Amino acid sequence: MSIALSRWPCRSFLNPSGRRLLILSLYGYQGLVAGFGLTALPNHFAEAGATVGAIGGYMALVGLPWALQPFWGPLVDRFGRFRMGRRRFWVVMALAGALASLACLPLAGDGPAALVRLGPLLLLHSGFAALLDTAVDAMIIDRVPVERLGQATALTRVGFVTGTATGAVLFAWMIPAHGLAAAALLLMLLGTCALGVALLVREAEGDRMLSLQRHMAGSGAGDSIACCSGASWRRCASVAPWRCSRSASPRKRRQRSSACT
């Protein structure tokens with residue numbers, strides 16, 4: 001299943017402006033959720049009369065998937081030969097799952113009793129957010145030139161910190177004023193905007209905007225780094241040598257090594 005929109009004015013992640021837009025959007029979204037779920041909501045329920053133990057248990061539950069984030073790495077590395085981009089497939093799937101969990105938040109209700117229902121929903125969201133973070137980091141390692149890695153890392157922090165501060169202030173005001181359901185719907189709307197950016201900015205030139213089709217085995221497409229030149233191979237080896245050693249079969253690695261020397 002695919003959508004082939006060859007004339008859509010998408011920008012590639014290889015393009016500096018497209019890269020900046022995507023990084024700021026995705027990490028800004030993660031920050032907004034952190035400000036909502038880890039600052040605004042605990043303060044709201046503390047004022048509503050929830051106990052310290054209940055709030056602490058809620059925050060521990062929401063943060064648990066981040067402790068298990070390393071388990072996403074092998075999945076993202078091993079399965080990703082999709083025509084929409086090796087890492088971008090996981091970015092879009094993780095965002096879709098995160099937004100689906102946010103869509104259930106209004107069903108949890110309000111008041112101290114809602115904290116018990118909100119915890120599992122935001123636990124699920126944190127699982128998808130950890131997958132999103134893993135996939136974006138992998139895309140940065142694969143696609144950003146070595147001389148731009150510092151800038152990309154700075155953008156991730158700018159997006160996350162700005163989003164966290166904005167989310168904390170915005171939702172600390174909005175939840176008491178308009179209710180938890182309205183705040184959750186606004187957060188889902190902002191997340192949908194981030195998903196739109198992820199759909200528009202392709203991982204590489206020639207990638208489909210949206211496709212669940214996979215590259216043919218042995219075609220060479222979909223590898224983490226296409227080593228067509230010595231510079232590309234050296235960049236991969238210096239930034240992520242484990243990806244160079246595992247992204248292709250031994251025969252392909254020998255061919256690439258002989259071509260890059």
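The values are calculated or read from the model by the stated rules, or taken from the named source; none is laboratory data. For clarity, every value in this text was computed on a predicted model and none was experimentally measured. Ideal geometry is used to build each Cβ from the backbone, glycine not excepted, and the neighbour counts take in all protein chains shown. Areas reflect the complete protein model, heavy atoms only, side chains present, ligands, DNA and RNA absent. Shrake-Rupley method; radii C 1.70, N 1.55, O 1.52, S 1.80 Å.
Observations on the model:
- Hits in the range 57-74 - residues which are among the aliphatic types (A, V, I, L, M), more than 30 Å from residue 179 (Cα to Cα) and either in a helix (DSSP H, G or I) or open to solvent by less than 30 Å² (accessible area, probe 1.4 Å) (or both): 67
- Hey, residue 175 buried (at least 19 other Cβ atoms within 10 Å of the Cβ) and either on the phi > 0 side of the Ramachandran plot or more than 15 Å from the chain's Cα centre (by Cα) (or both) or not: yes
This table checks each residue for (1) farther than 17 Å from residue 193 by Cα; (2) among the acidic types (Asp, Glu); (3) under 15 Å from the mean Cα position of the chain (by Cα).
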{"position": "26", "(1), (2), (3)": "no, no, yes"}
{"position": "45", "(1), (2), (3)": "yes, no, no"}
{"position": "49", "(1), (2), (3)": "yes, no, no"}
{"position": "61", "(1), (2), (3)": "yes, no, no"}
{"position": "65", "(1), (2), (3)": "yes, no, yes"}
{"position": "92", "(1), (2), (3)": "no, no, yes"}
{"position": "110", "(1), (2), (3)": "yes, yes, no"}
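- Once the range 12-29 is narrowed to residues that are open to solvent by 20 Å² or more (accessible area, probe 1.4 Å) and part of a helix (DSSP H, G or I), the residue that is farthest from residue 114 (Cα to Cα) is 16.
- Subset of the range 143-157 [buried (at least 16 other Cβ atoms within 10 Å of the Cβ) and more than 15 Å from the chain's Cα centre (by Cα)]: 143, 144
- The range 75-91: number of residues that are crowded, with 23+ Cβ neighbours inside 10 Å and in a helix (DSSP H, G or I): 4
- From the list 138, 165, 181, the one residue that fits, being hydrophobic (A, V, I, L, M, F, W, C) and modelled with pLDDT of 95 or more, is 165.
- Residue in the range 195-208 that is surrounded by fewer than 16 Cβ atoms within 10 Å (Cβ to Cβ), part of a helix (DSSP H, G or I) and touching a residue at least 12 places away in the same chain (Cβ under 8 Å) present: no
- Test: residue in the range 131-140 that is of a type in the set (S, T, N, Q), in a helix (DSSP H, G or I) and touching a Pro at 6+ places or on another chain (Cβ under 7 Å): no
- Residue among 54, 100 that is at pLDDT 90 or above, part of a helix (DSSP H, G or I) and farther than 29 Å from residue 162 by Cβ: 54
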